[in-house]
Amino acid sequence: MCRVPVVALALALLVTGCASPAANFYTLRATAAAGSAQSNISIAVGPVTVPATIDRPQIVVSGSGNQLTIDDFNRWASPVQDNLVRVVADNLVAILGSPRVTLYPTLATSVDFRVQIEVRNFESAPGKYALLDAVWTVRRMKDGKSETGRSNVRETITESGYDALAAAHSRAVARMSQDIAEAVSTLERTARP
């Protein structure tokens, strides 16, 4: 008769001992400082493409040489490309002072500018650096004139942990957003009679 409680206790210990640790989730945040100018220009941001190696929920960590590690317990809260397009749009709202920045194609019907981004590299090295290398194009929709640029940003990380890594990637995206905002401003100035 004592066997049933002992077996139940052994099963309970086995189940709790084999449980995986819970995953931690991270997101990018808009960190661009608000500019002093106010504008009414409209911008559609997207699409944003990312390399297939990082197009996954898990954070891909850069190792030595050509080694990558997929971290199953530290993940992005949403797909990286969705997070990037949202954060770039939020940064552009702050930098350009225009509330009329939308995500393409969701709300974009008739806009003044369209921004497309191809992320070439998005490296994560916790406690070391976060790297963003992207080519982007800003197109003035009324005449098709465009400006293409490249943002290659490496943010040093002095703290360990994935919070610091996500914050460093957010700063890198803010610097790219500043580059894009400068291209928008240039195209807007040259469009004036």
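Which of the residues that make up the stretch 147-166 are assigned to a helix (DSSP H, G or I) and either modelled with pLDDT under 95 or surrounded by fewer than 19 Cβ atoms within 10 Å (Cβ to Cβ) (or both)?
ASP163, ALA164, listed by residue number.
Would you confirm whether any residue within the stretch 130-146 is within 23 Å of ASP72 (Cα to Cα) and buried (at least 20 other Cβ atoms within 10 Å of the Cβ)?
Yes, that holds for at least one residue.
Based on this model, can you work out whether VAL119 counts as at negative phi, touching a helix residue (DSSP H, G or I) at 6+ places or on another chain (Cβ under 6 Å), among the β-branched types (Val, Ile, Thr) and not in a loop (DSSP other than H, G, I, E, B)?
When the stated conditions are applied, VAL119 does not pass them.
Within the stretch 50-60, can one find any residue that is in contact (Cβ under 8 Å) with a residue 24 or more places away in the chain, part of a strand (DSSP E or B) and among the β-branched types (Val, Ile, Thr)?
yes
The values are calculated or read from the model by the stated rules, or taken from the named source; none is laboratory data. Predicted model, so just to flag it, every value in this text is computed and none were measured. Note that we place each Cβ from the backbone using ideal geometry, even for glycine, and neighbour counts take in every protein chain shown.
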